[in-house]
Amino acid sequence: MSDLISLPASTLNEGRAAVARLDGLATHHRYRLASTGGYVMWRVFGDSNARPLVLVHGGHGNWMHWVRNIEPLTALRAVWVPDLPGYGDSDALPDGARFEDLMTATLDSLNALVGASTEIDLTAFSFGGVVAATLACRRPVGQLALVGSAGHGGKRRLQRELLNWKKIDVEDERRALFDANLKSFMLHDPATADSLALTVYEQACLKTRFRSKDVSLMDNLAALLKQANVDTLLLWGTHDVTADEPQRFSDRLHTDGVRHAFGMVENAGHWAQYEAADEVNRRLSGFFAKA
């Protein structure tokens, strides 16, 4: 902590207000799982009768990973955003739960709320890309857009290891570690690590109870996309530390006959849909408008 400046709770005031405003626009569905008795939280924005677009957050995340994208996307779809089981306002999975347990709970709650035969569209970030691609293999999905997806099996380019905030009991000091990790892992330009970004990152990390890293580092996304066989858009920030050469992954997909569009988001890090929200919103809107 010697080279970090403690950040008081007041640092988050503006961000907390923005999150509260957006959350106030949502219809909340707290779905009880018959298998475990636990609850999965879903938020719905926009016209609930419109075609569903499901936004899936990343690891150490929750619905707020899409805080700068939800409202623009409601112009096209009813936007459904879960807190995956073990994240955010959803209950933890039972001890020893694995990725398949998370998928079962997510799929059960989604199908119960929108209908198992209802075709949806999907957008996902990071670890959520593996979740969304798996969903696309198991239920009707029209279009799939992935931002900074995990599961590509390629090299990462981390500049430094994440700081372990779990061992820090002093809140202001712990927040300084969140700020440092946000700037080194999630965002490219430190100036974009504003009050809202830090609010989202801190709250998401504190409420994460499922370990996603092992799944994120797997090399299974290509096989899932081939099996799903849906219209797909893949986006990465040009400075995404989780993917050294995403173009190679796209080339691999083309070789395997996986139909998809590929793009890089200039001057953005891993959390591209936050750091370059206008550009990502434009690309997502253009992609989904084709349906």
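The values are calculated or read from the model by the stated rules, or taken from the named source; none is laboratory data. As the structure is a computational prediction, the values presented were derived from the model and not from experiment. Methodologically, a virtual Cβ is constructed for each residue, glycine included, from the backbone with ideal geometry; neighbour enumeration extends over all protein chains shown.
Sort through ALA277, ALA268 and tell me the only one that's on the phi < 0 side of the Ramachandran plot, within 15 Å of the chain's Cα centre (by Cα) and crowded, with 16+ Cβ neighbours inside 10 Å. Reasoning before the result, please.
Details: ALA268 fails: within 15 Å of the chain's Cα centre (by Cα).
After ruling out the rest, the residue left standing is ALA277.
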Report summary line: PHE262 vs (1) out of contact with any Cys (no Cβ under 9 Å at 6 or more places or on another chain); (2) assigned to a helix (DSSP H, G or I): all pass except (2)
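Residue-by-condition table, conditions (1) modelled with pLDDT under 95; (2) aliphatic (A, V, I, L, M); (3) under 16 Å from the mean Cα position of the chain (by Cα); (4) farther than 26 Å from SER285 by Cβ:
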position: VAL79; (1), (2), (3), (4): no, yes, yes, no
position: ALA112; (1), (2), (3), (4): no, yes, no, yes
position: ILE120; (1), (2), (3), (4): no, yes, no, no
position: ALA132; (1), (2), (3), (4): no, yes, yes, no
position: CYS137; (1), (2), (3), (4): no, no, no, no
Requested in this report: Taking the options THR106, THR11, name whichever one is surrounded by 18 or more Cβ atoms within 10 Å (Cβ to Cβ), of a type in the set (Val, Ile, Thr) and either at pLDDT below 95 or on the phi > 0 side of the Ramachandran plot (or both).
Outcome: THR11
Report summary line: Exception for ALA78 within (1) closer than 18 Å to PHE210 by Cβ; (2) touching a Gly at 6+ places or on another chain (Cβ under 9 Å); (3) among the hydrophobic types (A, V, I, L, M, F, W, C); (4) surrounded by 18 or more Cβ atoms within 10 Å (Cβ to Cβ) falls at (1)
**Report entry** Residue among PHE262, PHE287 that alone is aromatic (Phe, Trp, Tyr) and surrounded by fewer than 20 Cβ atoms within 10 Å (Cβ to Cβ)
**Finding:** PHE262
Query raised in the report: What is the residue count in segment 54-72 for residues that are in a loop (DSSP other than H, G, I, E, B) and not β-branched (Val, Ile, Thr)?
Result: 8
Report summary line: Here the residues within segment 112-141 that are of a type outside the set (A, V, I, L, M, F, W, C), crowded, with 16+ Cβ neighbours inside 10 Å and in contact with a strand residue (DSSP E or B) (Cβ under 9 Å, 6 or more places away or on another chain) are ASP121, THR123, SER126, GLY128, GLY129, ARG139
Query raised in the report: Does segment 182-196 contain any residue that is surrounded by fewer than 20 Cβ atoms within 10 Å (Cβ to Cβ), assigned to a helix (DSSP H, G or I) and touching a strand residue (DSSP E or B) at 6+ places or on another chain (Cβ under 8 Å)?
Result: no
Query raised in the report: Somewhere in segment 117-139, is a residue out of contact with any helix residue (DSSP H, G or I) (no Cβ under 6 Å at 6 or more places or on another chain), more than 30 Å from ARG252 (Cα to Cα) and not in a helix (DSSP H, G or I)?
Result: yes
Requested in this report: Could you tell me whether ARG175 is buried (at least 19 other Cβ atoms within 10 Å of the Cβ), modelled with pLDDT under 95 and of a type in the set (Lys, Arg)?
Outcome: yes
Query - Criterion: in a strand (DSSP E or B), within 18 Å of the chain's Cα centre (by Cα), farther than 16 Å from MET64 by Cβ and of a type in the set (A, V, I, L, M) - qualifying residue of LEU225, LEU235, LEU284 - result: LEU235
Query - Which listed residue, of ASP244, ASP240, ASP251, is more than 19 Å from ARG160 (Cα to Cα) and either without any contact (Cβ under 8 Å) to a residue 12 or more places away in the chain or part of a loop (DSSP other than H, G, I, E, B) (or both) - result: ASP251
Query - Members of segment 165-181 found to be part of a helix (DSSP H, G or I) and in contact with a Lys or Arg (Cβ under 6 Å, 6 or more places away or on another chain), listed by number - result: TRP165
